[in-house]
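The values are calculated or read from the model by the stated rules, or taken from the named source; none is laboratory data. Remember, it's a predicted structure, so these values are computed and weren't measured experimentally. Here the Cβ positions follow ideal geometry from the backbone for every residue, glycine too, while neighbour counts run over all protein chains shown.
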Amino acid sequence: MCSSSPVSPPGPPSTDADPTMEHKDAYLSDGGSYCPFCKDHDIVGSSIDIMSGSAFQHVHCSNCGAIWCDTYKLVDVNTVHPPKPENER
């Protein structure tokens, strides 16, 4: 679960508003390509934890040291390879 502690395992983030994240709206609309605190592009994401149609990832800014949790939602599914016919299973 995502939390304020960077050592916590990924998961749903807190629903509390963070007044220090002044660039949050721009970060979301721009696709999360920079730090929502200092707007630097030197960010690194950890592994992604997937749970029930959502995914969570801790991200670290190498410039200002901030750590936050990105939240992803399942929005579509596409066939990569169709299933075998039932008589071939």
Members of the stretch 33-89 that are farther than 14 Å from Met21 by Cα and either basic (Lys, Arg) or touching a Lys or Arg at 6+ places or on another chain (Cβ under 7 Å) (or both): Gly53, Ser54, Lys73, Lys84, Arg89
Val75 being out of contact with any Asp or Glu (no Cβ under 9 Å at 6 or more places or on another chain) and either surrounded by fewer than 10 Cβ atoms within 10 Å (Cβ to Cβ) or at pLDDT 95 or above (or both): yes
Count of the stretch 30-52 residues which are more than 13 Å from Cys2 (Cα to Cα) and assigned to a loop (DSSP other than H, G, I, E, B): 14
Options Ser47, Ser52: the member that is over 13 Å from the mean Cα position of the chain (by Cα), surrounded by fewer than 16 Cβ atoms within 10 Å (Cβ to Cβ), within 27 Å of Asp76 (Cβ to Cβ) and without any contact (Cβ under 8 Å) to a residue 40 or more places away in the chain: Ser52
Positions within the stretch 1-44 being touching a His at 6+ places or on another chain (Cβ under 9 Å) and modelled with pLDDT under 55, in sequence order: Pro6, Ser8, Pro10
